[in-house]
1. If I filter the range 21-51 down to residues being of a type outside the set (A, V, I, L, M, F, W, C) and without any contact (Cβ under 8 Å) to a residue 40 or more places away in the chain, which single residue comes out as most open to solvent (accessible area, probe 1.4 Å)?
2. Which residues, taken from the range 84-110, are open to solvent by 20 Å² or more (accessible area, probe 1.4 Å), within 16 Å of ligand 1 (Cβ to nearest atom) and over 15 Å from the mean Cα position of the chain (by Cα)?
3. Answer yes or no: is there a residue in the range 91-99 that is under 20 Å from Ile144 (Cα atoms) and outside any loop (DSSP other than H, G, I, E, B).
4. Under 7 Å by Cβ, and 6 or more places apart or on different chains, what pairs join a residue from the range 124-146 that is closer than 15 Å to Phe42 by Cα with one that is of a type in the set (Phe, Trp, Tyr) and in a helix (DSSP H, G or I)?
5. How many residues does the range 70-83 contain that are open to solvent by 10 Å² or more (accessible area, probe 1.4 Å) and under 20 Å from Asn117 (Cβ atoms)?
6. Can we say Thr60 is more than 18 Å from Asn117 (Cβ to Cβ) and open to solvent by 40 Å² or more (accessible area, probe 1.4 Å)?
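The values are calculated or read from the model by the stated rules, or taken from the named source; none is laboratory data. Just so it is clear, the structure is predicted and the values come from calculations on it, not from any experiment. Cβ: placed from backbone, ideal geometry, glycine included. Neighbour counts: every protein chain shown. Side chains included, ligands, DNA and RNA excluded: accessible areas come from the protein's heavy atoms. Shrake-Rupley method; radii C 1.70, N 1.55, O 1.52, S 1.80 Å.
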Amino acid sequence: MLEKISRSPEETIELGKKIGALLKEGDVIAFKGSMGAGKTTFTHGLAMGMGLGDEVYSPTFTLVNEYRGKMTLCHFDMYRIESAGDLETTGFYDYLSDGCVMAIEWSEKIIPFLPKNTIFITIEQIDENTRKITVEGDERFDFIGI
Ligand SMILES: Nc1ncnc2c1ncn2[C@@H]1O[C@H](COP(=O)(O)OP(=O)(O)OP(=O)(O)O)[C@@H](O)[C@H]1O
Ligand SMILES: [Mg+2]
């Protein structure tokens, strides 16, 4: 497990970059955290760390955004997903079997459908600019905290 305190959006992006640089095909990242916690901000860092550029848009309306490069990042917002059928219509299973790196906001909505190897990233709001970020489910990232 990795635990980090972030004191600004920039620090959250920096941590995202470090984790993004360690990702491989088929990794699934499930975010837990309330509205405005920093899930999209963190994903911006993931995309940068994966070498996919410096622009990430919230998938609030599109439900999924794809960023293509050496690996593809599939960025989901599950806020409005209410059933297994809804989930299927997002293309979730197709993206999974294509080996996309999955970054899933509002993963709380699809917990039973997440694969066994899922990496959980919890972002807790401590105050306006402070976040506690916990990475669980894969020891690959633990050295970042040392
Ligand atoms: N330490 C921090 N880390 C991340 N974001 C921060 C931090 N401090 C302040 N913020 C602010 O919190 C907001 C985070 O917004 P973001 O869109 O990333 O949240 P979200 O979790 O994706 O929300 P939603 O559930 O609505 O999609 C931004 O306005 C950002 O500037
Ligand atoms: Mg978001």
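1. Per the stated criteria, the residue is Gly51.
2. From the range 84-110, those open to solvent by 20 Å² or more (accessible area, probe 1.4 Å) are 84-86, 88-89, 93-98, 106, 108-109; that's our starting set.
Add one more test, that the residue is within 16 Å of ligand 1 (Cβ to nearest atom), and what stays is 106, 108-109.
Within the range 84-110, none qualify.
3. Step one: filter the range 91-99 for residues under 20 Å from Ile144 (Cα atoms), giving none.
No.
4. Val135/Phe141
5. Within the range 70-83, residues that are open to solvent by 10 Å² or more (accessible area, probe 1.4 Å) and under 20 Å from Asn117 (Cβ atoms) number 2.
6. Working: more than 18 Å from Asn117 (Cβ to Cβ): yes; open to solvent by 40 Å² or more (accessible area, probe 1.4 Å): yes.
It is true that Thr60 is more than 18 Å from Asn117 (Cβ to Cβ) and open to solvent by 40 Å² or more (accessible area, probe 1.4 Å).
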